[in-house]
Amino acid sequence: MTDTSVPPMPSTPPNEPSPRTKKPRTNLVIIGSAVAVIAAVVTTGVVVAQSRNDDGKPAATAKTNAHAEDGVPAEKPDPEPTYITVDADSFTIGLKTTARHCFGSAGCNVTVEPHLTLLGDTEAIDPDAVYEVTYEIHGDESGPVIETAELSDGTSLNYTPSMISTASSGTQVSAEITDVSVQGE
């Protein structure tokens with residue numbers, strides 16, 4: 001019987017080195033991605049150039065974006081905050097009696113302070129504005145007393161306590177807001 005089997009063939013030709021197993025190149029992918037992200041951040045940076053005119057106020061602001069020419073829209077600036085218009089109907093007012101000196105049938109000397117309440121959200125009014133709130137105090141025997149308080153920072157009320165004379169100890173003292181304006185306008 002003759003051996004008809006064929007000897008096994010070597011997997012690689014005898015003159016060639018054996019093939020190496022390919023290692024995943026995750027490190028190269030990670031480094032390449034990081035470089036691409038850094039390059040994108042650097043090239044899309046926003047440059048703000050600001051110049052001043054004679055009165056010291058900013059004259060113009062220019063923003064550029066490297067990708068605006070590539071069809072990618074440029075970033076829009078943040079819009080300026082908007083605030084509500086404040087008027088006499090935006091508040092309610094009450095009076096706090098801090099002193100009362102009565103003289104029998106001759107009436108009383110009463111010291112009152114305004115207690116102002118904003119109808120709505122305090123964040124809706126301009127925190128940089130100073131509002132002048134004019135109000136009338138009713139109950140003085142000589143007629144209405146007109147006073148003004150200043151509201152600043154949206155929460156700080158500056159006023160002068162008011163001293164009025166009532167005709168009797170039973171006289172009700174009240175107040176109403178007649179005008180609200182922004183100081184300097």
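Each of 147, 123, 75 has its accessible area taken with a 1.4 Å probe; listed largest first, they run 123, 75, 147.
In whole percent, how big is the carbon plus sulfur part of the accessible area of region 81-185, probe 1.4 Å, protein atoms only?
Values: 2740 of 6080 Å².
Carbon and sulfur: 45 percent of the exposed surface of region 81-185.
Under the criterion of Cα pairs below 8 Å and six or more residues apart, the relative contact order for region 105-177 equals 43 percent.
Can you compute the FRET efficiency between residue 103 and residue 152 using 1/(1 + (r/R0)^6), with r the Cβ-Cβ distance and R0 = 35 Å? Round to the nearest 0.05. Provide the component values of the computation, followed by the final result.
Values: r = 38 Å, r/R0 = 1.08.
Calculated transfer efficiency: 0.40.
Computed over protein heavy atoms with a 1.4 Å probe, the accessible surface of region 126-185 works out to 55 Å² per residue.
The values are calculated or read from the model by the stated rules, or taken from the named source; none is laboratory data. Treat the numbers as computed from the prediction; the structure is a model and nothing was measured. Because the Cβ atoms are built from the backbone with ideal geometry, glycine has one as well, and the counts that use them run over all protein chains shown. SASA here: full protein model, heavy atoms, side chains in, ligands and nucleic acids out. Shrake-Rupley method; radii C 1.70, N 1.55, O 1.52, S 1.80 Å.
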